[in-house]
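Notes to accompany the following structure.
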Amino acid sequence: MKLLATHITRYWYSGPVSMCHTEVHLKPRPRKNQDILEFGLEVSPTPDSLLSREDYFGNGVTFFSIAEPHRELVITSRCLANLDALAPPALELSPAWEQVREEAAARDTPETFEAGQFVFESQSIRVGAPFAQYAAASFTAGRPFLSAVEDLSRRIFTEFHYDRRATTIGTPVDEVLGSRRGVCQDFAHLMIACLRSLKLPARYVSGYLRTGRDLTGAGASHAWVSAWCPVFGWQDFDPTNNVMPRGEHFTVAWGRDYSDVSPVKGVALGGGEQVISVSVDVSPQPD
């Protein structure tokens, strides 16, 4: 299916901004079921300089600077892509989770070396006994790895409450575990913390949900989790909606956590108070 993803971020300032330096992760990346056809990025006011490259994880990242005084900044990305539905994997045929942990720890092949980079703490992810203990109910001895991951995702969906007012971008993941409230970013961080606390590879995925579907998180940036398994490779799980993304999730970027792939971040001189508005639309397009 051909989809058009439009992501608009607006900043309004109470006073003039004399200069800003901004980094954006807004260019969706190609995947097995996601073929990027067109991509465009518009910034107003027009930047004095703009540079695009790939970051360490292979994501498209753009830097721009604006020296013109302004009270409003608008960043618009549009991407046209073909997104195909994926057949669900046979979760019960995956190896035992203990075997996955051993292979990831060996780091003796290109695949295990890449996966092994995602078992450590990162800026927004902590590992430790509380997360391992929460995960333990899903990761019983000898259980197939992907079946255990799916069960962990289901439990987060069932036992945690989606609440936009409960957290901020800086809320620590251990507070999310304690309060059992948060948003998609929090649930992704929590699930990753649980997996990494068992020394299992997991990465943070940033993207969008198709508009018009009965899924929590549409209309804004969304986040989910990808877990690595031998033979099966990286498999995605969305604990906010208790689904494995098969065709409704539009992938933008991935990294260790939100801090690696935040859609927009930067610094501004001046400006005073600011108001931010974000809108996302992912709609089918005619062939």
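Structural remarks
- Cα long-axis angle, helix 145-159 against the chain (0 to 90 degrees, to the nearest 10): 60
- Here the range 233-254 is scanned for amide nitrogen atoms under 12 Å from the site 7 Å beyond the Cα of A85 along Cα-to-Cβ, giving 246-248.
- Whole-number D in µm²/s for the range 91-257 (Stokes-Einstein; Kirkwood sum over Cα pairs; 4 °C, 1.567 mPa s): 83
- Between S179, S206, S138, the Gaussian network model of the chain with springs among Cα atoms under 10 angstrom shows the greatest mean-square fluctuation at S179.
- The range 55-127 and the range 190-222: distance between their alpha carbon centers, rounded to Å: 11
- In degrees, nearest ten, helix 184-197 long axis to first principal axis of the chain (Cα): 40
- Interatomic Cα distance distribution for the chain, bins of 5 angstrom, percent: 1, 5, 12, 16, 18, 16, 14, 9, 5, 3, 1, 0, 0
- Take every Cα pair under 8 Å whose residues are at least 6 apart in sequence, average their separation, divide by the length of the chain, and the relative contact order is 29 percent.
- Taking the average, over residues, of other Cβ atoms within 10 Å as the packing measure, peptides 220-233, 94-107 rank 220-233, 94-107 from highest down.
- Cα-Cα separations in the range 39-86 greater than 14 Å, expressed as whole percent: 63
- In terms of the mean number of neighbouring beta-carbon atoms within 10 Å, the peptides 139-146, 30-37, 254-261 order highest first as 254-261, 139-146, 30-37.
- Structure remark: mean-square fluctuation, Gaussian network model of the chain, C-alpha springs under 10 Å; the largest value among C184, C79, C20 belongs to C20.
- Packing, as the average of other Cβ atoms within 10 Å across residues, places the peptides 194-205, 148-159, 110-121 in the order 194-205, 148-159, 110-121, highest first.
- Between 0 and 90°, nearest 10: helix 97-106 axis offset from the chain longest Cα axis: 70
- Span from the the range 236-287 Cα centroid across to the the range 21-51 one, whole angstrom: 12
- For the pair S52 and E23 in one chain, pulling the backbone fully straight at 0.36 nm per residue adds 9.5 nm over the alpha carbon distance.
- A compact globular protein would have a Cα radius of gyration near 2.2 N^0.38 Å; the ratio found for the range 168-218 is 1.27.
- Where only alpha carbons of the range 129-215 are counted, the Rg and the Dmax (Å): 13.3, 40
- Overall, the range 91-257 carries a charge dipole of about 380 debye about its Cα centre when +1 sits on the Cβ of Lys and Arg and -1 on the Cβ of Asp and Glu, all other atoms neutral.
- Assuming charge only on the beta carbon of Lys and Arg (+1) and of Asp and Glu (-1), the dipole of the chain about its Cα centre is about 340 debye to the nearest 20.
- Selection from S122, A193, N59 lying farthest towards where the dipole of the chain points positive, charges on Cβ: A193
- When the range 87-143 is reduced to its Cα atoms, the Kirkwood hydrodynamic radius in Å: 13.2
Just so you know, all these numbers are worked out from the coordinates, no wet-lab data involved. Predicted model only: the values in this text are computed from it and were never measured. FYI the Cβ positions are ideal-geometry reconstructions off the backbone, even for glycines, and counts take in every protein chain you see.
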